[in-house]
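> Have a look at the structure that comes next, please.
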Amino acid sequence: MFEGYPIYDADAHVMLCPQMWEDLPGPYRTRRPRPVRIDDSADGGRWHTGWLIEGRIEPHSYGPGTQGANTPQHVLEAYGAPKEFVGSHDLSDPTARLRDLDTLGIDVQCMFPSTLYAKMTTDPGFEAALFRAYNRYMSRQSQTDPKRLKWAGLLPLADGAQGCEAVQEMAKLGAAAAVVYGTVGERMLSDPGFTRVWDALAATGMPLCVHMGMSYPPFVELCRSRLDAHAIAMSVPALLAFVAVVGHGLLDQYPNLKVAFLEFGGEWLFYMVGRIEHYLPSYRRDPVTQRLPEMDVRDYFRDGRIFLAAEAEDKFMVEELALLGDGQMLYSSDYPHGEGRENAAQELWERRDVSAEQKGRIFYDNAVRLFGEP
């Protein structure tokens, strides 16, 4: 509870930790991510540890593919993690996480994986094994208080058979949602090769969450700083996902599917709505153009199935609420990441351009509409 409002945090995180890969299948166990320390790191600032993943050190702060993300020094005492962080940030001690929620005034929290999962590997089998091991870990750790500790399961799309099995497993394990990134490598979410996985997901009734992450390889190569990473490779895939979900008819194909866009901010919606609306009328008269949305773009907002986690300080929130509807805006803390969202509830509460009723929906009611009752 915060200032009289119940809080349902729709986007928090669990940082990478070795326990997530303890039950990887035998052929993949030796390929698991491993914590590493960089000895020659005096000029690297705080980036002196990382995860060895498929021959790469992630995250890294040098050269192409630079990004900010969690490192072993956030979760492992042997690598310098402060004792007060250990156990909560990676959910290895769920009671520590619950204590943090109490301190923050958060009643319910839906937890998402590290954005490093967006580019773990190009091997579909290994990716599916990593994703499913993560899901099983999250299910186990959340059992301490499943009403407050909710989680979104990683959905492996690149391996269709594994993806369908993962959907069924997530449903049995108690996932609140399925999470994907803006693309699957260089393939759009609407790629026909993923149809059977979407069929399986739609049959469960679980919502789909599209989260920020470096999922599109050509964008990754453009990034030479963490600013590049956040402005380009981690954010622009939101536009690709929106085209896939709305422009390519996934919402038409699955009329009960709810989709949330998380940690991309909200300003990009105006651009995408404007671009699609500008061209759509002429494309509807073109007999060659395929896979067009059945409705006008704004109608997909009006039917209440597109959700968005905007930033609490977003200068355009009032306009976003008018476009999207105040039943679909979500509150997110991004805890325990360090992008300045730790005061998000306070910032939203202090806004005078958002009504008390709207704040109540953003803080709690809309997340219940998306994920279901705790």
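> Just to confirm my filter: which helices (runs of 4 or more DSSP H) fall fully inside region 122-225 and include at least 3 residues that are on the phi < 0 side of the Ramachandran plot and modelled with pLDDT of 95 or more?
Working: elements: 124-142, 160-173, 195-204, 217-220.
By residue number, 124-142, 160-173, 195-204.
> Which residues, counting only those in region 82-108, are crowded, with 21+ Cβ neighbours inside 10 Å and either part of a loop (DSSP other than H, G, I, E, B) or of a type in the set (Ser, Thr, Tyr) (or both)?
Here is the first cut: in region 82-108, the ones crowded, with 21+ Cβ neighbours inside 10 Å are 88-91, 97, 101, 106, 108.
Those that are crowded, with 21+ Cβ neighbours inside 10 Å and either part of a loop (DSSP other than H, G, I, E, B) or of a type in the set (Ser, Thr, Tyr) (or both): Ser88, His89, Asp90, Leu91, Ile106.
> When region 115-131 is examined, which residues are found to be surrounded by fewer than 24 Cβ atoms within 10 Å (Cβ to Cβ), touching a helix residue (DSSP H, G or I) at 6+ places or on another chain (Cβ under 6 Å) and not aromatic (Phe, Trp, Tyr)?
Met120, Thr121 - these are the residues of region 115-131 that are surrounded by fewer than 24 Cβ atoms within 10 Å (Cβ to Cβ), touching a helix residue (DSSP H, G or I) at 6+ places or on another chain (Cβ under 6 Å) and not aromatic (Phe, Trp, Tyr).
> Shifting gears a bit: Can you find a residue that is among the aromatic types (Phe, Trp, Tyr) and at pLDDT 90 or above anywhere in region 281-295? Let's see the steps before the verdict.
Just the residues of region 281-295 that are among the aromatic types (Phe, Trp, Tyr), to begin with: 283.
If we keep only those that are at pLDDT 90 or above too, we end up with none.
Within region 281-295 (the criterion being among the aromatic types (Phe, Trp, Tyr) and at pLDDT 90 or above), the answer is no, since none of the residues qualifies.
> Let me ask something additional. I need the full set of residues from region 181-205 which are of a type outside the set (Asp, Glu) and without any contact (Cβ under 8 Å) to a residue 40 or more places away in the chain, in order please.
Initial filter on region 181-205 (of a type outside the set (Asp, Glu)): 181-185, 187-190, 192-198, 200-205.
Within region 181-205, Val184, Arg187, Pro192, Gly193, Phe194, Thr195, Arg196, Ala200, Ala203, Thr204 meet the criteria.
> Determine, yes or no, whether Ala241 is surrounded by 17 or more Cβ atoms within 10 Å (Cβ to Cβ) and either more than 20 Å from Gly266 (Cα to Cα) or not acidic (Asp, Glu) (or both). Let's see the steps before the verdict.
Values: surrounded by 17 or more Cβ atoms within 10 Å (Cβ to Cβ): yes; either more than 20 Å from Gly266 (Cα to Cα) or not acidic (Asp, Glu) (or both): yes.
Yes: the conditions hold for Ala241.
> Take region 48-66 and flag every residue that is in contact with a Pro (Cβ under 7 Å, 6 or more places away or on another chain) and either closer than 19 Å to Arg132 by Cβ or part of a loop (DSSP other than H, G, I, E, B) (or both). Spell out how you get there, then give the answer.
Here is the first cut: in region 48-66, the residues in contact with a Pro (Cβ under 7 Å, 6 or more places away or on another chain) are 49-53.
Within region 48-66, Trp51, Ile53 qualify.
> Hey, another quick one. Could you tell me whether Pro255 is modelled with pLDDT of 90 or more, surrounded by fewer than 16 Cβ atoms within 10 Å (Cβ to Cβ) and not in a helix (DSSP H, G or I)? Before the answer, list the steps.
Values: modelled with pLDDT of 90 or more: yes; surrounded by fewer than 16 Cβ atoms within 10 Å (Cβ to Cβ): yes; not in a helix (DSSP H, G or I): yes.
Here the answer is yes, as Pro255 does meet what is asked.
> Is it the case, given these coordinates, that Trp151 is under 30 Å from Ser88 (Cβ atoms), in contact (Cβ under 8 Å) with a residue 40 or more places away in the chain, aromatic (Phe, Trp, Tyr) and in contact with a Leu (Cβ under 9 Å, 6 or more places away or on another chain)?
Values: under 30 Å from Ser88 (Cβ atoms): yes; in contact (Cβ under 8 Å) with a residue 40 or more places away in the chain: yes; aromatic (Phe, Trp, Tyr): yes; in contact with a Leu (Cβ under 9 Å, 6 or more places away or on another chain): yes.
It is true that Trp151 is under 30 Å from Ser88 (Cβ atoms), in contact (Cβ under 8 Å) with a residue 40 or more places away in the chain, aromatic (Phe, Trp, Tyr) and in contact with a Leu (Cβ under 9 Å, 6 or more places away or on another chain).
> Any chance region 280-303 includes a residue that's under 30 Å from Pro64 (Cα atoms) and either within 17 Å of the chain's Cα centre (by Cα) or not hydrophobic (A, V, I, L, M, F, W, C) (or both)? Break it down into steps so the answer makes sense when it comes.
First, pick out the residues of region 280-303 that are under 30 Å from Pro64 (Cα atoms): none.
Checked region 280-303: no residue is under 30 Å from Pro64 (Cα atoms) and either within 17 Å of the chain's Cα centre (by Cα) or not hydrophobic (A, V, I, L, M, F, W, C) (or both).
Rundown of residues vs (1) closer than 30 Å to Tyr331 by Cβ; (2) assigned to a helix (DSSP H, G or I), yes/no style:
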residue	(1), (2)
Asp11	yes, no
Leu16	yes, no
Leu24	no, no
Pro27	no, yes
Arg31	no, no
Val36	no, no
Asp39	no, no
Arg46	yes, no
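> Return the pair list, or none, for Cβ contacts closer than 6 Å from residues in region 312-334 that are at positive phi to residues that are at pLDDT below 95 and part of a loop (DSSP other than H, G, I, E, B), at least 6 apart or on different chains.
From region 312-334, the pairs are Asp334/Arg341.
> Considering only residues of region 1-58 that are among the polar types (S, T, N, Q) and closer than 22 Å to Leu91 by Cα, which is modelled with the highest pLDDT?
Gln19
> Right, something else. Could you grab me the full set of residues in region 226-238 that are of a type outside the set (Gly, Ala, Ser) and in a helix (DSSP H, G or I)? Give the derivation first.
If we filter region 226-238 for residues that are of a type outside the set (Gly, Ala, Ser), which is where we start, we get 226-228, 230, 232, 234, 236-237.
Matches in region 226-238: Arg226, Leu227, Asp228, His230, Ile232, Pro237.
> Could you list all residues from region 268-292 that are over 13 Å from Val243 (Cβ atoms) and part of a loop (DSSP other than H, G, I, E, B)?
Across region 268-292, the qualifying residues are Arg285, Asp286, Pro287, Val288, Thr289, Gln290.
The values are calculated or read from the model by the stated rules, or taken from the named source; none is laboratory data. None of these values were measured; they are calculated from a predicted model. Reconstructed Cβ throughout: ideal geometry from the backbone, glycine too, with neighbour counts over all protein chains shown.
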